[in-house]
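Student: I'd like to ask you about the structure that follows.
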Ligand code: UDP
Ligand code: MG
């Protein structure tokens, strides 16, 4: 029986890379997989403004196996992958970047591991990529995350992975909106394994992940998977209480033995400033959790689709967050739905 393999690639201003990325996927499919698998490529345009949309549209019109999902604005890498997962029809779904950093040659190896019985195949970076700061931050993130979170993630496993349709369905059923896929997929369980790859340098264009984006994703990861920072605050509070009591006892003993308490006032001021600082940090950490709760409570969709180009199967054409609504009109290259995205 022939199976369908879906490749999902998020695209944000990748006009120089898209066509080559598609050609490489197509070539690998033809050479190594076409005897057993049909191909579906879902390109998710995450609000590109550099003309990528037109190139993507041409690809989707020209090739039957290419489907294009255009988001209403830039929702971010994780949301774009989620949109791709939502529309994928494949028995297995592989997500990979569209800037050619994830080598398509690894896909057959990932498929082989799936055929051996694994439901999730992570492609793990053999070498770190990016500048010194990025490498250091990335390593520190994985270490601290795995220390505090009961769900462990493989260091160097970005969003280059294969999952089965069953895992995708389980993932789509999770109700949360603030998604850190790298944590959610291990959380689901299933049988998983890894293959390694050496990331290539970006073909063209600028990396979209700036420091503050990565920081934001780390906050989503922590608030989504660990309450350790909140517990840590309690431990810190108790510690400071003990230190303050100890210091008061010292002052009292000093006064009893004829010393002058006034002598210690700078250290008292220092302690006050320190505790104030700690309180502010404590409030800040709590505010991050509170902000995530507010986002979840609002139940806003993770992404909004403006248009779908290509032959997406009817049952898959409903935006995940509004499953009770009727399916939109049949596939067309004209806008099928335009929803206003609240920020
Ligand atoms: N991307 C996206 N939306 C964004 C940022 C990035 O869809 O808001 C896509 C981008 O086009 C690329 C992938 O996500 O295919 C990874 O982005 P990037 O190369 O900038 O990240 P890095 O490889 O530096 O981690
Ligand atoms: Mg990249």
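Student: If I go through the stretch 106-119 residue by residue, how many of them are away from ligand 2 (no atom under 16 Å from the Cβ) and outside any loop (DSSP other than H, G, I, E, B)?
Tutor: Residues that pass the stated criteria total 9.
Student: Can you tell which of 216, 224, 237 is buried (at least 17 other Cβ atoms within 10 Å of the Cβ) and either touching a residue at least 24 places away in the same chain (Cβ under 8 Å) or within 16 Å of ligand 1 (Cβ to nearest atom) (or both)?
Tutor: Result: 224 is the single residue among 216, 224, 237 that is buried (at least 17 other Cβ atoms within 10 Å of the Cβ) and either touching a residue at least 24 places away in the same chain (Cβ under 8 Å) or within 16 Å of ligand 1 (Cβ to nearest atom) (or both).
Student: Let me ask something additional. For residues in the stretch 39-54 being within 13 Å of ligand 1 (Cβ to nearest atom) and in a helix (DSSP H, G or I), which is surrounded by the fewest Cβ atoms within 10 Å (Cβ to Cβ)?
Tutor: 53
Student: Regarding residue 240, is this residue more than 16 Å from ligand 2 (Cβ to nearest atom) and part of a loop (DSSP other than H, G, I, E, B)?
Tutor: Taking the combined requirement at face value, the residue does not satisfy it.
One line per residue, one yes/no per condition, for (1) in contact with a strand residue (DSSP E or B) (Cβ under 6 Å, 6 or more places away or on another chain); (2) away from ligand 2 (no atom under 16 Å from the Cβ):
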{"position": "98", "(1), (2)": "yes, no"}
{"position": "104", "(1), (2)": "no, no"}
{"position": "121", "(1), (2)": "yes, yes"}
{"position": "136", "(1), (2)": "no, yes"}
{"position": "140", "(1), (2)": "no, yes"}
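Student: Being away from ligand 1 (no atom under 13 Å from the Cβ), over 26 Å from residue 220 (Cα atoms) and touching a residue at least 40 places away in the same chain (Cβ under 8 Å) narrows it down to one residue among 36, 67; which is it?
Tutor: Being away from ligand 1 (no atom under 13 Å from the Cβ), over 26 Å from residue 220 (Cα atoms) and touching a residue at least 40 places away in the same chain (Cβ under 8 Å) holds for just one of 36, 67, which is 67.
Student: Which of the residues belonging to the stretch 189-211 are within 19 Å of residue 156 (Cα to Cα) and either within 16 Å of ligand 2 (Cβ to nearest atom) or assigned to a helix (DSSP H, G or I) (or both)?
Tutor: Correct list: 197, 198, 199, 200, 201, 202, 207, 208, 209, 210, 211.
Student: With respect to the numbered conditions (1) away from ligand 1 (no atom under 13 Å from the Cβ); (2) surrounded by fewer than 22 Cβ atoms within 10 Å (Cβ to Cβ); (3) not in a strand (DSSP E or B), which one is the sole condition not fulfilled by residue 73?
Tutor: Here residue 73 meets the rest and fails (1).
Student: Could you identify the single residue in 299, 286 that is under 25 Å from the mean Cα position of the chain (by Cα) and at positive phi?
Tutor: 299
Student: Among the residues of the stretch 191-202, write down those that are modelled with pLDDT under 85 and either more than 10 Å from ligand 1 (Cβ to nearest atom) or loosely packed, with under 14 Cβ neighbours inside 10 Å (or both).
Tutor: Listed by number, the residues that qualify are 200, 201.
Student: Quickly run through the stretch 42-64 and pick out the residues that are free of Cβ contacts under 8 Å to residues at least 40 places away in the same chain and in contact with a helix residue (DSSP H, G or I) (Cβ under 6 Å, 6 or more places away or on another chain).
Tutor: 45, 46 - these are the residues of the stretch 42-64 that are free of Cβ contacts under 8 Å to residues at least 40 places away in the same chain and in contact with a helix residue (DSSP H, G or I) (Cβ under 6 Å, 6 or more places away or on another chain).
Student: Could you check, for the stretch 12-26, whether at least one of its residues is within 16 Å of ligand 1 (Cβ to nearest atom), at negative phi and within 20 Å of the chain's Cα centre (by Cα)?
Tutor: yes
Student: Given the condition part of a helix (DSSP H, G or I) and more than 16 Å from ligand 2 (Cβ to nearest atom), answer yes or no: does some residue in the stretch 147-162 qualify?
Tutor: Checking the stretch 147-162: at least one residue is part of a helix (DSSP H, G or I) and more than 16 Å from ligand 2 (Cβ to nearest atom).
Student: Same structure, new question: Only one residue in 140, 170 is surrounded by fewer than 19 Cβ atoms within 10 Å (Cβ to Cβ), more than 13 Å from ligand 1 (Cβ to nearest atom), closer than 18 Å to residue 6 by Cβ and free of Cβ contacts under 8 Å to residues at least 40 places away in the same chain, so which one is that?
Tutor: 170
Student: Let me ask another. For residues that are more than 16 Å from residue 78 (Cα to Cα) and modelled with pLDDT of 95 or more, scanning just the stretch 91-102, find the one that is surrounded by the fewest Cβ atoms within 10 Å (Cβ to Cβ).
Tutor: Across the stretch 91-102, the extreme among qualifying residues is 91.
Student: Residue check, residue 127 against (1) within 16 Å of ligand 2 (Cβ to nearest atom); (2) surrounded by 24 or more Cβ atoms within 10 Å (Cβ to Cβ), all met but one. Which one?
Tutor: (2)
Student: Just one of 63, 77 is within 16 Å of ligand 2 (Cβ to nearest atom), in contact with a strand residue (DSSP E or B) (Cβ under 8 Å, 6 or more places away or on another chain) and at pLDDT below 95; which is it?
Tutor: 77
Student: Next question, about the same structure. Restricting to the stretch 1-38, count the residues that are away from ligand 2 (no atom under 14 Å from the Cβ) and either part of a strand (DSSP E or B) or in contact with a strand residue (DSSP E or B) (Cβ under 7 Å, 6 or more places away or on another chain) (or both).
Tutor: Within the stretch 1-38, residues that are away from ligand 2 (no atom under 14 Å from the Cβ) and either part of a strand (DSSP E or B) or in contact with a strand residue (DSSP E or B) (Cβ under 7 Å, 6 or more places away or on another chain) (or both) number 14.
The values are calculated or read from the model by the stated rules, or taken from the named source; none is laboratory data. Remember, it's a predicted structure, so these values are computed and weren't measured experimentally. So basically every Cβ, Gly included, is an ideal-geometry build from the backbone, and we count neighbours across all protein chains shown.
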